[in-house]
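Novice: Just dropping this structure here.
The values are calculated or read from the model by the stated rules, or taken from the named source; none is laboratory data. Keep in mind it's a predicted model, so treat the numbers as computed, not measured. Here Cβ is always computed from backbone atoms with ideal geometry, including for glycine, and neighbour counts include all displayed protein chains. Please note that ligands, DNA and RNA were not included when accessible areas were found on the heavy atoms of the full protein model with its side chains. Shrake-Rupley method; radii C 1.70, N 1.55, O 1.52, S 1.80 Å.
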Amino acid sequence: MAIQAPAARPANPRFSSGPCTKIPGFSLDMLSDAPLGRSHRAVIGKAKLKEAIETTREILGIPADYRIGIVPASDTGAVEMAMWSLLGERKATMCAWESFGAGWVTDVVKQLKIDAETKTADYGDIVDFGTLDFNTDVVFTWNGTTSGVRLPNGDAIPANREGLTICDATSAAFAMDLPWDKLDVTTFSWQKVLGGEGGHGVLVLSPRAVARLESYAPAWPLPKIFRMTKGGKLIEGIFVGETINTPSMLCVEDYLVSLKWAKSIGGLEGLVDRATANAKTVWDFCDARDWIANLANDPATASTTSVCVKFTDDRIKDGAAFAKAVAKRLEKEGVGLDLGAYRDAPAGLRIWCGSTVEQADIAALLPWVEYAFEAEIAAQA
């Protein structure tokens, strides 16, 4: 008997984990106010960059004494900038439970060669934060984009820590409530949860992080795009819109449009609610079926943005080939784009459920996932 394809289709089939789908109703006309062909150092350019910084502060609830800077090279650039500038003053603790966290371990241990302890967990789990020494500098991802697990809260991070906490929050910021008093350095890129264009990172520094920058100079040379101090003092201009290198004012305009949309739906609370509802739609689908499961082993750590799922049916002969075939079938049908698991992650699907995704599109996608699963089981037989 032929397997019946679902009648309904997602209105928007874009479920990429980055760059993520644009805000609902997006059109290029929304970017008409971008100061194209103008210097980012002109009055209008500086005003746009400062507006982006201050609106970010407003929506995320970042304390007034924290600095926010727009920096080069997306979240990766922001993380590298923080690690190369701040680490080495004391021992570090590197945490990794997915691909990007493992990359930060490599940079610190093999490139910077500083004294560091590495704590790891398998895909689907996170490091036990209760075992960490926060008198060291602790580097971690808040949400594992490639593993679908997240830190549920910052309760295990002590207020009286001596070391800095350096948090890669790129697929958490704007979709999860971050405890700023527990985070000394936070990085993200707006091409994730807000669906902005790629290439720019955001770096948030606590007063403790600024004090470290002004009191400590690393032993290694720093490239120009990493330098945040001059003469032992913070370059304050970076944190009011005077960027280190030339930003794309078109991308900045796109970010401003996304920020205004975020405010229109209730700010951070509205953004969190949308992502949570999207993720719950996938969780409920998995809970009702015995052939698919969330990659996160503990529901308390399950991501609400990068929801990773695995196929668990005993009839599957080659897990990696099967998952790729399902993702390929969904793309061919035009109902789900960029759904394959990350190349280093366990075989399965990665369904982006961030705040710009409509819940109705998630609900329409999932019957197609079941259709593709059944079709591939039949094809395999």
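Novice: Restricting attention to the range 347-381, report how many residues are in a loop (DSSP other than H, G, I, E, B), modelled with pLDDT of 95 or more and within 21 Å of Asp314 (Cα to Cα).
Specialist: Of the residues in the range 347-381, 2 are in a loop (DSSP other than H, G, I, E, B), modelled with pLDDT of 95 or more and within 21 Å of Asp314 (Cα to Cα).
Novice: Does the range 139-147 contain any residue that is open to solvent by 60 Å² or more (accessible area, probe 1.4 Å) and either in contact with an Asp or Glu (Cβ under 8 Å, 6 or more places away or on another chain) or touching a residue at least 24 places away in the same chain (Cβ under 8 Å) (or both)?
Specialist: No, the range 139-147 contains no residue that is open to solvent by 60 Å² or more (accessible area, probe 1.4 Å) and either in contact with an Asp or Glu (Cβ under 8 Å, 6 or more places away or on another chain) or touching a residue at least 24 places away in the same chain (Cβ under 8 Å) (or both).
Novice: While we're on this one: Looking at (1) touching a strand residue (DSSP E or B) at 6+ places or on another chain (Cβ under 8 Å); (2) farther than 30 Å from Lys110 by Cβ; (3) surrounded by 17 or more Cβ atoms within 10 Å (Cβ to Cβ); (4) among the charged types (D, E, K, R), find the lone condition where Lys48 falls short.
Specialist: (1)
Novice: Specify the residue that is nearest to Cys167 (Cα to Cα); the eligible residues are those in the range 30-78 that are part of a helix (DSSP H, G or I) and small (Gly, Ala, Ser).
Specialist: Selected residue: Ala78.
Novice: Hey, another quick one. Can you pull out every residue in the range 254-298 that is open to solvent by 10 Å² or more (accessible area, probe 1.4 Å) and of a type in the set (Asp, Glu)?
Specialist: Glu269, Asp273, Asp284, Asp287, Asp290, Asp298
Novice: Given Gly199, Gly232, which one is open to solvent by 10 Å² or more (accessible area, probe 1.4 Å), of a type in the set (Gly, Ala, Ser) and farther than 23 Å from Ile114 by Cα?
Specialist: Step by step, each of Gly199, Gly232 is checked, and only Gly199 is open to solvent by 10 Å² or more (accessible area, probe 1.4 Å), of a type in the set (Gly, Ala, Ser) and farther than 23 Å from Ile114 by Cα.
Novice: Where residues in the range 299-315 are open to solvent by 10 Å² or more (accessible area, probe 1.4 Å), in contact (Cβ under 8 Å) with a residue 24 or more places away in the chain and not in a loop (DSSP other than H, G, I, E, B), which of them is farthest from Ala327 (Cα to Cα)?
Specialist: It comes out as Ala300.
Novice: Which fully enclosed strands (runs of 3 or more DSSP E) of the range 79-190 have 1 or more residues being of a type in the set (S, T, N, Q) and closer than 28 Å to Val272 by Cβ?
Specialist: 137-141, 165-168, 185-189
Here is a yes/no grid of residues against (1) acidic (Asp, Glu); (2) more than 28 Å from Asp125 (Cβ to Cβ); (3) in contact with a helix residue (DSSP H, G or I) (Cβ under 7 Å, 6 or more places away or on another chain):
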{"position": "Cys286", "(1), (2), (3)": "no, no, no"}
{"position": "Ala325", "(1), (2), (3)": "no, no, yes"}
{"position": "Leu337", "(1), (2), (3)": "no, yes, yes"}
{"position": "Gly340", "(1), (2), (3)": "no, no, yes"}
{"position": "Arg350", "(1), (2), (3)": "no, no, no"}
{"position": "Val357", "(1), (2), (3)": "no, no, yes"}
{"position": "Ala360", "(1), (2), (3)": "no, yes, no"}
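Novice: Another one. When both residues are 6+ apart or on different chains and their Cβ atoms are under 7 Å apart, which pairs have a first residue that lies in the range 11-23 and is closer than 16 Å to Lys328 by Cα, and a second that is of a type in the set (D, E, K, R) and open to solvent by 20 Å² or more (accessible area, probe 1.4 Å)?
Specialist: Phe15/Asp338; Ser16/Asp338
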